[in-house]
1. Kindly indicate which of B:L113, B:L122, B:L95 is surrounded by 18 or more Cβ atoms within 10 Å (Cβ to Cβ) and facing chain A (nearest Cβ under 8 Å).
2. Within segment A:17-28, restricting attention to residues that are among the small types (G, A, S) and near DNA strand C (Cβ under 8 Å from one of its atoms), which residue is nearest to B:L138 (Cα to Cα)?
3. Give segment B:82-102 a look and list any residue that's more than 17 Å from the chain's Cα centre (by Cα) and more than 16 Å from B:G300 (Cα to Cα), or say none.
4. Identify the single condition in (1) at the interface with chain B (Cβ under 7 Å from one of its Cβ atoms); (2) among the hydrophobic types (A, V, I, L, M, F, W, C); (3) under 25 Å from A:N142 (Cβ atoms); (4) within 22 Å of the chain's Cα centre (by Cα) that A:L78 does not satisfy, given that it satisfies every other one.
5. Out of (1) of a type outside the set (V, I, T); (2) near DNA strand D (Cβ under 7 Å from one of its atoms); (3) under 30 Å from B:I80 (Cβ atoms), the odd one out for B:S61 is which?
6. What is the one condition in (1) β-branched (V, I, T); (2) within 14 Å of chain B (Cβ to nearest Cβ); (3) in contact with a helix residue (DSSP H, G or I) (Cβ under 6 Å, 6 or more places away or on another chain) that A:I292 does not satisfy?
7. When the residues of segment B:49-60 are narrowed to those that are of a type in the set (G, A, S) and surrounded by fewer than 23 Cβ atoms within 10 Å (Cβ to Cβ), which ends up farthest from the chain's Cα centre (by Cα)?
8. Return the only residue of A:L24, A:L13 being within 14 Å of DNA strand D (Cβ to nearest atom), surrounded by 10 or more Cβ atoms within 10 Å (Cβ to Cβ) and farther than 21 Å from B:V110 by Cα.
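The values are calculated or read from the model by the stated rules, or taken from the named source; none is laboratory data. Bear in mind that the values here come from a model prediction, so they are computed numbers and not experimental data. Positions of Cβ are generated from backbone atoms using ideal geometry, with glycine treated the same way; all protein chains shown enter the neighbour counts. The area values use the complete protein model at the heavy-atom level, side chains included, leaving out ligands, DNA and RNA. Shrake-Rupley method; radii C 1.70, N 1.55, O 1.52, S 1.80 Å.
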2 protein chains.
Amino acid sequence: MTPVNLKSLAEQLNMSIATVSRALRDSHEVSDATKARVRALATALNYEPNAYASSLRRNLSKTIGVVIPKVANHFFALAINGIEEAARQSGYHVLIYLTHDDYAREVSIVQHLKGGRIDGLLMSVASGTEDFAHIKSLQETNLPIVFFDRVCAEVATAKVTTNDYESGYRATEHLILAGCRHVAHLLISNNLSIGQFRQQGYLDALQAHGLTPDPDLVLHGVMDNEQNVALIRELLLRRPDIDGVFASVERLAISTYHVCKELGRRIPEDVKIIGFSNLEAAALLDPPLSTITQPAYEIGREAAKILLRAVEKKKAVLPAQSIVLESTLFERRSTASE
Amino acid sequence: MTPVNLKSLAEQLNMSIATVSRALRDSHEVSDATKARVRALATALNYEPNAYASSLRRNLSKTIGVVIPKVANHFFALAINGIEEAARQSGYHVLIYLTHDDYAREVSIVQHLKGGRIDGLLMSVASGTEDFAHIKSLQETNLPIVFFDRVCAEVATAKVTTNDYESGYRATEHLILAGCRHVAHLLISNNLSIGQFRQQGYLDALQAHGLTPDPDLVLHGVMDNEQNVALIRELLLRRPDIDGVFASVERLAISTYHVCKELGRRIPEDVKIIGFSNLEAAALLDPPLSTITQPAYEIGREAAKILLRAVEKKKAVLPAQSIVLESTLFERRSTASE
DNA sequence: TTTATTTACGCAAACGTTTTCACCCGCCGT
DNA sequence: ACGGCGGGTGAAAACGTTTGCGTAAATAAA
């Protein structure tokens with residue numbers, strides 16, 4: 001079977017490769033008659049241009065990369081959904097890479113991306129990442145980058161996030177208004193701005209309602225869920241006065257549920273819980289979990305749109321293009337007052 | 001800034017492009033001394049080979065494609081996780097495409113994939129797909145394809161699935177042994193082998209326990225969740241004798257929970273429910289949901305491994321490489337007998 | 001010493017596409 | 001009649017890499 005490429009098409013049509021190429025790209029400098037002939041044969045033979053030859057020549061790949069910590073998490077899954085949608089609409093392909101929150105892996109992935117494989121990058125940085133040299137170095141190759149959710153303050157580019165400060169504030173306030181006096185905050189130990197914002201919202205809400213923040217009530221979770229359960233168990237046992245838990249991460253809310261069941265703490269009577277979460281089944285949990293839910297799909301889609309606009313214009317992504325989308329607080333039984 | 005490619009490296013090192021290329025690929029026909037010099041400069045300048053030039057020349061892209069219905073679903077998210085892991089270990093990149101269970105979109109995606117962008121394809125077909133010409137046509141370009149979960153019987157290639165028949169049988173039997181006499185089966189309307197196997201398991205389990213299958217108890221769900229809720233509500237109202245529900249799809253189990261709450265049917269006292277699901281929070285639902293859980297991560301990883309083996313050997317994927325992984329039945333309160 | 005054989009490297013052709021440049025031809029205006 | 005113009009086309013270079021082949025020097029075999 002002879003390959004179907006520009007050359008073979010040109011031979012069968014008795015014209016030059018150049019004309020065939022131009023006809024297929026609908027160039028104005030080829031007659032309508034020839035265009036028709038070319039297109040007819042192309043579709044008949046199911047011609048599909050070789051992506052790599054085109055990418056090599058034009059120095060663009062019609063592909064964007066997505067680097068995220070994990071995919072088995074409803075937030076990121078929804079974000080990918082939004083990204084894929086935006087990319088598809090613009091005729092772009094999506095390469096996906098998982099860091100598993102591992103710094104070394106993130107560095108390795110980013111390094112590989114310098115091969116020109118992608119025209120732009122969407123990224124949610126690993127929680128352990130403290131040095132951003134690899135990202136900056138990638139940016140210096142003129143590759144447009146847009147961060148979403150787990151943004152990196154040190155790199156000047158567009159960022160798509162949710163109103164993390166307000167969300168932390170509102171979640172905490174919600175617990176206080178439901179009667180909590182000793183509110184714990186569970187977060188993932190990292191130096192990402194996102195965690196800091198939520199923490200600040202938590203602190204300010206406490207103060208605004210006349211409660212004194214207690215560092216002992218702030219628990220920094222780790223990667224391993226088993227360890228988190230142990231940490232939370234230890235916290236709840238050490239501080240039986242805790243009557244409210246604000247989990248900045250879905251997994252930590254789930255772990256808290258497990259610990260409460262194990263220790264016989266009733267939700268919401270003994271402990272009220274609210275957590276950041278995109279879990280579809282939150283309303284079906286026992287009891288239904290109050291959540292701060294981020295517009296994950298929209299975040300992904302908006303981030304991709306911003307990136308693609310920059311890619312198409314072949315210019316860097318402007319920090320000014322950053323946007324903040326609002327999360328929604330869903331009140332459910334886990335924070336019900338009597 | 002001059003580009004850092006083979007030519008620039010060669011100039012700086014005063015040797016030919018060919019030698020530089022061979023040195024970097026660790027060819028035996030270049031001396032250790034030159035290899036060292038080349039590698040030193042390459043790492044110093046952060047050289048990364050142009051992926052597209054390489055792909056074009058070698059006619060392989062070190063990239064595999066993944067076409068799935070959706071990603072916002074824990075099963076597929078976990079599968080991607082496994083796929084990415086296997087791909088990364090072999091130095092492959094992963095392109096992802098979502099069909100949203102839309103046949104036209106699937107066809108369009110598969111057509112685009114003929115551009116040589118990928119070396120192999122992992123696929124879980126859309127539920128609405130009935131014609132497989134697009135897939136066969138892609139396969140005829142000698143592209144290795146491996147199906148996972150939602151396999152396509154008409155195409156001869158490797159498939160990775162779970163023991164769907166046995167799972168359907170065991171789930172149904174589990175309900176019967178818990179005391180159910182009128183077991184409904186909720187599935188997604190499609191002609192995929194996977195659904196048929198589960199349905200057959202359901203039927204055989206009924207017969208094996210002396211119950212007569214009733215077509216009226218088999219409900220074919222649709223894409224839209226609202227409609228499914230309506231369908232299930234109608235079914236439970238029309239057949240108040242239903243005391244067991246086997247949901248072949250996670251979403252249908254969740255919808256059944258909603259309907260039961262709405263209608264005041266108690267789970268498991270009035271209706272027992274078991275469903276295929278990879279939901280992490282199944283144990284935290286109210287009541288905890290009994291599940292048949294597929295080894296999603298392993299499915300993805302195994303499928304990717306089989307595909308990559310075929311890709312590396314540049315030969316078609318053999319149907320004989322198909323494997324079946326076993327699902328696990330988790331007994332929880334939603335199917336507890338008194 | 002002469003003749004094979006190996007070792008280390010360079011030349012140049014591919015891969016399929018895009019694009020610059022030149023070309024031919026027919027047509028207009030003068 | 002002639003210069004100019006523009007629409008339509010082709011030849012060929014480029015993108016960066018890989019690789020078959022050739023070749024010189026160095027080594028081994030005769």
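1. Criteria check complete, one pass: B:L95.
2. This residue is A:S21.
3. If the condition is that a residue be more than 17 Å from the chain's Cα centre (by Cα) and more than 16 Å from B:G300 (Cα to Cα), then B:G91 is the only one that fits.
4. (3)
5. (2) is the only condition that B:S61 fails.
6. Only one criterion is unmet by A:I292, namely (2).
7. Per the stated criteria, the residue is B:A53.
8. Numbers: A:L24 fails: farther than 21 Å from B:V110 by Cα.
Exactly one residue qualifies, and that residue is A:L13.
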